[in-house]
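The values are calculated or read from the model by the stated rules, or taken from the named source; none is laboratory data. Because the structure is predicted, anything quoted here is derived from the model rather than measured. So basically every Cβ, Gly included, is an ideal-geometry build from the backbone, and we count neighbours across all protein chains shown. The protein model used for the area step is the full one, side chains on, heavy atoms only, and it has no ligands, DNA or RNA in it. Shrake-Rupley method; radii C 1.70, N 1.55, O 1.52, S 1.80 Å.
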Amino acid sequence: MRRIKIGIIGTGYIGNVHARIHSANSDAEVSALFDIVPEKAEKAASSVGGKVCTSREELFEHSDAVLVCTPNKTHVEIALDALDHEKHVFCEKPFAIGIGDAEKLRSAADASGRIFQVGHNRRFAPVYETLQELVAGDSPHSAHIKMNRGELLNPAWTGDVNVTGGFLYETTIHLFDMMRFQFGEIDELVAYGSTHEYPEPDEFSIIFRFKNGFHCTFASSSDASWLFPFERIEVFCHHRTILTEEMERLLDSKGHDPNFETHSFHMFEKEERWGYVQEDKAFIDSILNGTDPPVTATDGFKSVELVESVYRAIESGDRVRF
Ligand SMILES: NC(=O)c1ccc[n+]([C@@H]2O[C@H](COP(=O)([O-])OP(=O)(O)OC[C@H]3O[C@@H](n4cnc5c(N)ncnc54)[C@H](O)[C@@H]3O)[C@@H](O)[C@H]2O)c1
């Protein structure tokens with residue numbers, strides 16, 4: 001069977017993660033790499049192979065599928081260019097910055113006839129797959145969700161709102177997508193935000209109501225330290241709490257007596273524990289089988305819509321209805 005030729009644009013941290021994973025997949029090969037800092041593409045190529053290209057145009061000539069692994073503000077322009085060149089696209093999160101650009105990219109992806117997958121890796125993490133199975137077998141009432149960071153310093157651009165689009169686009173968006181994945185579509189939200197360490201709103205308290213009646217509180221801080229677990233979902237059901245701790249562990253407590261069962265995921269390598277291996281395999285399988293990708297352009301669009309709605313709710317002081 002033919003191998004899918006992968007071109008990677010942006011060979012920094014996450015570009016290298018995907019490069020290593022695809023180079024180990026017998027259905028794929030890293031065939032081309034491009035970075036505006038050529039030494040970065042050369043360094044990646046020295047470990048995974050592939051042609052170091054001097055332009056995007058040259059990279060397109062050597063690829064069937066393109067991974068967009070550059071900083072946030074560049075995603076839409078690069079992804080549109082790749083679709084114009086009739087390539088399958090894997091676009092890192094965030095899908096876009098702003099509703100206008102998100103609509104433009106969704107329309108282009110839908111009209112392209114190509115596979116377009118968004119890098120919401122956590123959907124594939126074993127901890128969140130397990131949470132989904134347990135939630136599906138119960139009737140959850142409400143949840144408390146937390147998505148924090150210790151700093152916006154690394155990489156350096158993560159503190160620059162002109163590059164990220166804002167903290168919600170850079171970090172919180174991971175669990176905005178996760179909420180939809182676990183609990184369904186959102187009906188209404190109220191939000192409060194404030195500015196402390198960085199020149200942008202960096203601390204958020206939000207309440208979401210879902211179309212199915214489920215509701216949750218959501219806290220997100222950019223400077224809360226990296227205290228474990230920086231990311232957590234607590235789901236409350238009938239005499240039951242299910243709680244996740246980053247991608248490491250899930251605790252399940254049931255009944256009237258104090259007790260809990262632990263599901264531990266520490267035995268997985270990080271790239272599998274965080275879902276990167278599975279999302280990259282799913283992308284290749286969708287191309288080979290001609291099936292819809294598991295995280296679509298519409299999913300990417302909806303996570304952008306949630307980010308924009310929270311910023312709008314904070315600015316206006318009004319609740320936002322969908
Ligand atoms: N899904 C996840 O868990 C996850 C994790 C980390 C990063 N990300 C996302 O991936 C993207 C990249 O993040 P990173 O941490 O790898 O950043 P990074 O700074 O380590 O790497 C980005 C690379 O892109 C290059 N670059 C910048 N503009 C470019 C352009 N126009 N054309 C070609 N190359 C360009 C830079 O030189 C750099 O090598 C971001 O959007 C980030 O939000 C996702």
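If you check 22, 62, 18, 75 for being outside the structural domain of residue 173 (by TED's automatic domain parsing), more than 27 Å from residue 273 (Cα to Cα) and not aliphatic (A, V, I, L, M), only one passes: 62. Taken across segment 143-150, residues that are part of a helix (DSSP H, G or I), open to solvent by less than 20 Å² (accessible area, probe 1.4 Å) and either within 15 Å of the ligand (Cβ to nearest atom) or not charged (D, E, K, R) (or both) do not occur at all. Looking only at residues that are assigned to a helix (DSSP H, G or I) and buried (at least 18 other Cβ atoms within 10 Å of the Cβ) in segment 27-54, which one is farthest from the ligand (Cβ to nearest atom)? Ranking the candidates gives 48 first. Of the residues making up segment 101-115, those that are away from the ligand (no atom under 16 Å from the Cβ), in contact with a helix residue (DSSP H, G or I) (Cβ under 6 Å, 6 or more places away or on another chain) and under 19 Å from residue 303 (Cβ atoms) are 106, 108, 109, 115. For residue 291, the conditions (1) among the β-branched types (Val, Ile, Thr); (2) under 18 Å from the mean Cα position of the chain (by Cα); (3) over 29 Å from residue 141 (Cβ atoms) are fulfilled apart from (2). Within segment 119-160, being touching a strand residue (DSSP E or B) at 6+ places or on another chain (Cβ under 8 Å) and among the aromatic types (Phe, Trp, Tyr) holds for one residue alone: 128.
Among the residues of segment 172-186, is any within 12 Å of the ligand (Cβ to nearest atom), at positive phi and either assigned to a helix (DSSP H, G or I) or in contact (Cβ under 8 Å) with a residue 60 or more places away in the chain (or both)? Within segment 172-186, not a single residue is within 12 Å of the ligand (Cβ to nearest atom), at positive phi and either assigned to a helix (DSSP H, G or I) or in contact (Cβ under 8 Å) with a residue 60 or more places away in the chain (or both).
Every residue, every condition in (1) on the phi > 0 side of the Ramachandran plot; (2) of a type in the set (Ser, Thr, Tyr); (3) open to solvent by 60 Å² or more (accessible area, probe 1.4 Å); (4) within 15 Å of the ligand (Cβ to nearest atom), yes or no:
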residue	(1), (2), (3), (4)
258	no, no, yes, no
271	no, no, no, yes
274	no, no, no, yes
298	no, yes, no, no
301	no, no, no, no
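Checked against (1) within 16 Å of the ligand (Cβ to nearest atom); (2) open to solvent by less than 50 Å² (accessible area, probe 1.4 Å), residue 245 passes all but condition (1). Of the residues in segment 305-315, at least one is surrounded by 21 or more Cβ atoms within 10 Å (Cβ to Cβ) and within 15 Å of the ligand (Cβ to nearest atom).
Name the residues in segment 55-100 that are in a helix (DSSP H, G or I), crowded, with 19+ Cβ neighbours inside 10 Å, of a type outside the set (A, V, I, L, M) and more than 10 Å from the ligand (Cβ to nearest atom), would you? Of everything in segment 55-100, just one residue is in a helix (DSSP H, G or I), crowded, with 19+ Cβ neighbours inside 10 Å, of a type outside the set (A, V, I, L, M) and more than 10 Å from the ligand (Cβ to nearest atom), namely 60. Taken over segment 10-26, the criterion of being in a loop (DSSP other than H, G, I, E, B), more than 6 Å from the ligand (Cβ to nearest atom) and not hydrophobic (A, V, I, L, M, F, W, C) is satisfied by 25, 26.
Table: residues versus (1) farther than 24 Å from residue 188 by Cα; (2) assigned to a loop (DSSP other than H, G, I, E, B).
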residue	(1), (2)
219	no, no
229	yes, yes
234	no, no
263	yes, no
